[in-house]
1. Counting other beta carbons within 10 Å of each Cβ, put HIS168, HIS82, HIS174 in order, fewest first.
2. What does the charge dipole of the chain about its Cα centre add up to, to the nearest 20 debye, if the Cβ of each Lys and Arg holds +1 and the Cβ of each Asp and Glu holds -1?
3. Could you check the spin-label model distance between GLN66 and ARG182? Points 7 Å from the Cα along Cα→Cβ, value in nm.
4. Helix hunt in the chain: which complete DSSP H runs extend at least 27 Å axially by C-alpha with mean Kyte-Doolittle at least -0.5?
5. Take the Cα pairs of region 2-240, get the Kirkwood Rh, then feed it into Stokes-Einstein at 37 °C and 0.692 mPa s and tell me D in µm²/s.
6. Which of PRO100, THR179, ALA157 sits farthest toward the positive end of the charge dipole of the chain, with +1 on the Cβ of Lys and Arg and -1 on the Cβ of Asp and Glu?
7. Which residue, ILE136, SER236, LEU189, has the largest displacement toward the positive end of the dipole of region 125-242 when charges sit on each Cβ (Lys, Arg +1; Asp, Glu -1)?
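Every read-out reported here was derived from the displayed coordinates using simple, explicitly stated rules and does not represent laboratory data. It should be emphasised that the depicted structure is a prediction, and the values quoted were computed from it without experimental measurement. Here Cβ is always computed from backbone atoms with ideal geometry, including for glycine, and neighbour counts include all displayed protein chains.
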Amino acid sequence: METYLWITAVWGVYLSLAVFIVGMAWRIYDWATTPKSPVRLGMFPKPATKTGRFFKMLKDTFIAPQSARIEPRMWFFAMMFHVAALAAFVGHLRILGEYPILPGLLESMGISMNDFAGWAGGIAGVLMMVAVMYWIARRTYGPFKNLSVPEDYFLLALLFGVVIMGNHMRFFGHGVHATDYREWFLSLLAFKPVFPAVLTGSNISWSLGTHMLFVDVLFIYFPFSKLVHTIGSLSSNFVRSE
Ligand code: HEM
């Protein structure tokens, strides 16, 4: 098991982060050097002022009213996924360090930080899982099947793998806490990787390894996939209001 963890949760992380950084740098360079379209790409209604354009960009990016109009069910699941993913991201930051104030605040209410994280992370993980299952069903049955290409299924399978393995750790990792994951992750960042015995000896060591395997592939593929919309949608929504 330790060899598997070394491949996916040490070397895989280094490789995938290197590919991600170089890939995104190439992507941004490519965007920046693409000649501007001589035709204005703005779509009605266009705000008259720069501030108006800025807020329209934020609204179009984070609320996506156009998607809500065209496909409300899809919009609902997409919102659910993104809000839950943001919550999971905030939770993942505990792997880097404990939040200030919050643990003490919860303690004063009689709630332990680990219990709170367990509930919050658990809810976020289940919501993300449901959203990805909806997306898979949407592309497997019904009219969207004909519009789907292998990349769509590949990305959904990757996301599903990441989320299912994360949920396995979250729901079955009894006795393994953020401090244990932190020991491993901070040692990675210090380029002196170690795995605490509680991780290697636990029932979730294989799901941690597989979570990281899917995360590695996702990071490697990200700059070359349609997932770059996470970053590109800000600028394209700005152009839409030109
Ligand atoms: C360097 C990248 C990542 C690391 C080191 C990491 C690590 C972890 C760990 C240790 C857990 C278990 C938390 C616990 O039970 O205390 C977890 C859970 C989870 N991870 Fe990740 N993960 C990473 C990236 C991602 C990404 C990119 C996604 C989603 C696209 C994701 C989705 C989840 C989900 C849904 C859970 C379960 C719910 C939760 O605990 O938030 N992870 N991850």
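1. Ordered by Cβ neighbours within 10 Å, fewest first: HIS174, HIS82, HIS168.
2. Dipole size: approximately 1240 debye.
3. It is 4.3 nm.
4. The answer, listed by residue number, is 12-33, 72-92, 113-140, 150-172.
5. 162
6. ALA157
7. ILE136
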